[in-house]
Amino acid sequence: MKSTRFGFLHLFLLAFVLIFLSGGRQAGAGEQVVTITMPGEILRKVISDSLPIPIEPQNHYMEGSIVVDSLERLQINEKSIFIQGVVLGRDIAMNTKIAGQTVKMELGSVKLPVTCELFLRFDKQQKILYVTPVFPKAEKKDSTDSADILLPLLSSLGGKEYPVSLDSMEPFLFKLGTRNIPVKLVPEDIQTMKGTMVIKMIPRVSKSH
């Protein structure tokens with residue numbers, strides 16, 4: 001699912017620059033682990049710069065284009081990332097059955113403020129980051145707004161792990177004098193701590209030809 005990337009590749013582009021500004025520690029067998037500490041505000045900016053991020057509906061009752069339009073708040077907790085933002089839907093239509101007949105309801109453009117908590121799990125062997133979004137249950141209201149139609153969609157996306165493969169990242173070309181040196185960043189670990197995301201990577205250098 002493309003929407004689960006949440007700008008993580010952009011995050012690693014920034015992390016690559018920081019590698020040469022920070023120290024590292026030996027991981028054994030001649031490899032050096034570089035630890036990057038990413039504050040919550042920088043992560044929020046990285047994600048905001050990647051917007052809009054598409055959300056792909058995984059059902060047959062809704063049509064249209066849905067994107068994460070803005071990110072108002074991001075807070076990194078010890079085991080999760082809490083975010084508040086706005087989801088924007090364009091050309092939204094809902095297919096429903098009335099008296100046994102399928103009826104399409106045209107809703108047009110809708111905007112919905114949302115909150116979400118993201119839980120991360122990194123598989124070190126497969127180099128895959130698993131992201132589990134959790135949305136709070138919607139409160140029942142007497143009046144129904146057209147934007148409320150997005151709530152069932154968001155709820156259907158929550159509570160499931162979505163894989164983000166980090167093993168297929170292309171090597172960077174680091175220029176040293178007249179030489180271009182390919183540097184591949186191999187993720188070693190990704191953790192969240194209060195206020196920061198900690199990323200550990202192993203830079204592996206290949207000989208240039």
*Members of region 126-141 that are modelled with pLDDT under 75 and not basic (Lys, Arg)*: Ala138, Glu139
*Could we say that Asp123 is over 24 Å from Glu63 (Cα atoms), of a type in the set (Asp, Glu) and at pLDDT below 70 here?*
no
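Yes/no matrix, rows are residues, columns are (1) part of a strand (DSSP E or B); (2) modelled with pLDDT of 70 or more; (3) not β-branched (Val, Ile, Thr):
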| site | (1), (2), (3) |
| --- | --- |
| Ser143 | no, no, yes |
| Leu154 | no, yes, yes |
| Ser168 | no, no, yes |
| Lys175 | yes, no, yes |
*If you check Ser70, Ser65, which single one turns out to be surrounded by fewer than 16 Cβ atoms within 10 Å (Cβ to Cβ), modelled with pLDDT of 90 or more and farther than 21 Å from Leu120 by Cβ?*
Ser70
*Starting from residues that are without any contact (Cβ under 8 Å) to a residue 24 or more places away in the chain and outside any loop (DSSP other than H, G, I, E, B), keep the ones in region 105-134 and report whichever is nearest to Asp69 (Cα to Cα).*
Ser109
*From the residues in region 89-131 that are among the aliphatic types (A, V, I, L, M) and within 18 Å of Ser155 (Cβ to Cβ), which one is surrounded by the most Cβ atoms within 10 Å (Cβ to Cβ)?*
Ile92
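Here are some residues: Glu78, Glu117, Glu106. Which one is modelled with pLDDT of 90 or more, closer than 21 Å to Glu56 by Cβ and acidic (Asp, Glu)? Quick ask: steps written out before the conclusion?
On the way: Glu78 fails: closer than 21 Å to Glu56 by Cβ; Glu106 fails: modelled with pLDDT of 90 or more.
Answer to the check: Glu117.
The values are calculated or read from the model by the stated rules, or taken from the named source; none is laboratory data. Remember, predicted model here, so these are calculated numbers, not experimental data. As a convention, Cβ positions derive from the backbone with ideal geometry for all residues, glycine included, and neighbour counts pool all protein chains shown.
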